[in-house]
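One structure is given below, encoded as structure tokens.
The values are calculated or read from the model by the stated rules, or taken from the named source; none is laboratory data. Only a predicted model underlies this, so the values are computations on that prediction, with no experimental measurement involved. Glycine also receives a Cβ, built like all others from the backbone with ideal geometry; neighbour counts cover every protein chain displayed. Note: accessible area is taken over every heavy atom of the protein model, side chains too, but ligands, DNA and RNA are not part of it. Shrake-Rupley method; radii C 1.70, N 1.55, O 1.52, S 1.80 Å.
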Amino acid sequence: MTAPVITGWSAVSPYGIGAEVLAEGLRAQRATVAPVDTTRWRVPTSRAHLVPDFDPRKALGKKGTRSMDRVTGLAVAAVGSLLDQPGASRETETGERAALVLGTTTGSAASMMDFTRSSLEGERPYDVDPAVMPNAVMNCAAGQCGIWYGIKGPNTTLAGGRAAGLLSLNYATRLLATGRADTVLCAAAEEYSPARYWLEKHSRGAEAPGVPLGEGAAVLVVQPRENVTEARPALAEVLAVRTRVALAGQAREALAACVRSALDAAQAKPEEVWAAVPGDAPGLLGHLEREVLTEACGGAAVDRVPAVSRIGDVSAASGTFQIAMVLATAATDPAAAGRLAVVTSADRDGSVACAVLRLEAPSC
């Protein structure tokens, strides 16, 4: 089997809903950070990159969204925006032979905490709202995407922190290679919530206290090359995805080894790299990641695509957003065609991932 290809993408981002909205925002270099409404979000004075005016009921309609949480709404809206594109084929991108893989950190931390709190505060532990229980399950968002759009093939949720997007891409290529699906919608989502705010505040440490959180969801269409159509042309070939585990104090070594391994697997040379895109993890880890890619691929390659941190710390969604940003940027640069993009992720728990893509055609 030849290497699979990415034939489409879309996103719900702090720029708004849809691929073109994200691409235009990046071209215009518009800032998305803004003060948080402390009354609504129940957090101290802070700034964040929120999807503007996003509410699941407003974005998706009232039917089936009464108890839908934010991360599920973001994921469902992103998949919907992809399937509504002019080149989309519902026949192949949904149904029995279509799969969905969704990367996440924990699902919705807010839903999990709210459900647990209601059990502790109620007169009895089982005095909880049963309608809220599905939201507290990590695979709720992926399941709802499948239900809403009739995606009946394998439905998988991968909890991988910042590496989740690239881990999902790797899983998608394996589904195709083993014949489990003909099309995979490869997505990742992260929400903003008071629960996530406090978890990040107390777990980051002193090295990155002021990095604003972001939120959103991004999704890719991944298919075998033989399934490419004129309406969904190949945008990038997935040459390799490799992972490593960084033990304490060995992040630089693990990152460098992961990049070398991915380039070797792709039979690629550093001079072929058009863009090298780090995941911009908050603090020292993000700086190490950028240094490793600069040493491996050169400073020009690292600076070619807007940093994913432009839309805030989107955590589990960062890897998929990085790829979306690569495709959006390549669409306006003829020099990108036929060259490589190296995309990396590094999580503070030690997970490291690297993908190598060969760019082929404009994304929009």
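Quick notes
- Against the numbered list (1) within 15 Å of the chain's Cα centre (by Cα); (2) free of Cβ contacts under 8 Å to residues at least 24 places away in the same chain, Arg30 comes up short only at (1).
- In segment 299-336, of all residues being of a type in the set (A, V, I, L, M) and not in a helix (DSSP H, G or I), the one that is surrounded by the fewest Cβ atoms within 10 Å (Cβ to Cβ) corresponds to Ala307.
- Residue within segment 350-362 that is under 27 Å from Gly8 (Cβ atoms), in a helix (DSSP H, G or I), of a type outside the set (D, E, K, R) and within 20 Å of the chain's Cα centre (by Cα) present: no
- Of all residues in segment 143-166, those satisfying the criterion of being within 13 Å of the chain's Cα centre (by Cα), open to solvent by less than 50 Å² (accessible area, probe 1.4 Å) and not charged (D, E, K, R) are Thr157, Leu158, Gly160, Gly161, Ala163, Ala164, Gly165, Leu166.
- Top-ranked residue in segment 255-280 [being small (Gly, Ala, Ser) and open to solvent by 10 Å² or more (accessible area, probe 1.4 Å); ranked as farthest from Ala331 (Cα to Cα)]: Ala257
- Filtered residues of segment 3-25 (kept if in a loop (DSSP other than H, G, I, E, B) and more than 19 Å from Ser315 (Cβ to Cβ)): Ala3, Pro4, Gly18
- Looking at segment 140-208, the helices (runs of 4 or more DSSP H) lying wholly inside it that each contain 2 or more residues that are closer than 11 Å to Ala99 by Cα sit at 140-149, 164-177.
- In a residue-by-residue description of segment 124-137, the property of being closer than 21 Å to Ala98 by Cβ and among the β-branched types (Val, Ile, Thr) applies to no position.
- Qualifying positions in segment 204-222 - in contact (Cβ under 8 Å) with a residue 40 or more places away in the chain and either surrounded by fewer than 24 Cβ atoms within 10 Å (Cβ to Cβ) or among the β-branched types (Val, Ile, Thr) (or both): Arg204, Gly205, Glu207, Ala208, Val211, Pro212, Val219, Val221, Val222
- Residue within segment 122-140 that is within 17 Å of Ala181 (Cα to Cα), of a type in the set (Lys, Arg) and over 20 Å from the mean Cα position of the chain (by Cα) present: no
- All conditions but one from (1) open to solvent by less than 60 Å² (accessible area, probe 1.4 Å); (2) touching a strand residue (DSSP E or B) at 6+ places or on another chain (Cβ under 8 Å); (3) closer than 30 Å to Thr7 by Cβ; (4) not aromatic (Phe, Trp, Tyr) apply to Leu285; the one that does not is (3).
- Unmet requirement for Val352, which otherwise passes all of (1) under 30 Å from Asn139 (Cα atoms); (2) open to solvent by 40 Å² or more (accessible area, probe 1.4 Å): (2)
- Hey, Leu255 in contact with a Lys or Arg (Cβ under 9 Å, 6 or more places away or on another chain), modelled with pLDDT of 95 or more, aliphatic (A, V, I, L, M) and closer than 30 Å to Gln144 by Cβ or not: no
- Taking segment 81-116 as the range and being in contact with a Lys or Arg (Cβ under 6 Å, 6 or more places away or on another chain) and either free of Cβ contacts under 8 Å to residues at least 24 places away in the same chain or closer than 22 Å to Val314 by Cβ (or both) as the test, only Ala109 passes.
- Annotation: of all residues in segment 337-349 being among the aliphatic types (A, V, I, L, M) and more than 18 Å from the chain's Cα centre (by Cα), the one that is surrounded by the fewest Cβ atoms within 10 Å (Cβ to Cβ) is Ala337.
- Residue within segment 167-187 that is touching a residue at least 24 places away in the same chain (Cβ under 8 Å), surrounded by 18 or more Cβ atoms within 10 Å (Cβ to Cβ) and within 30 Å of Pro44 (Cβ to Cβ) present: no
- Hits in segment 256-267 (condition: within 12 Å of Ala355 (Cα to Cα) and among the aliphatic types (A, V, I, L, M)): Val259, Ala262, Leu263, Ala265, Ala266
- A single entry from Gly73, Gly103, Gly87 fulfils the requirement of being at pLDDT 95 or above, farther than 15 Å from Tyr192 by Cα and either more than 14 Å from the chain's Cα centre (by Cα) or buried (at least 23 other Cβ atoms within 10 Å of the Cβ) (or both): Gly103.
To keep it simple, each residue is scored yes or no on (1) open to solvent by less than 20 Å² (accessible area, probe 1.4 Å); (2) closer than 17 Å to Ala189 by Cα; (3) at pLDDT 95 or above; (4) outside any helix (DSSP H, G or I).
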position: Met1; (1), (2), (3), (4): no, no, no, yes
position: Arg27; (1), (2), (3), (4): no, no, yes, no
position: Arg30; (1), (2), (3), (4): no, no, yes, yes
position: Val43; (1), (2), (3), (4): yes, no, no, yes
position: Arg66; (1), (2), (3), (4): no, no, no, yes
position: Ala78; (1), (2), (3), (4): yes, yes, yes, no
position: Leu82; (1), (2), (3), (4): yes, yes, yes, no
position: Glu91; (1), (2), (3), (4): no, no, no, no
position: Met112; (1), (2), (3), (4): no, yes, no, no
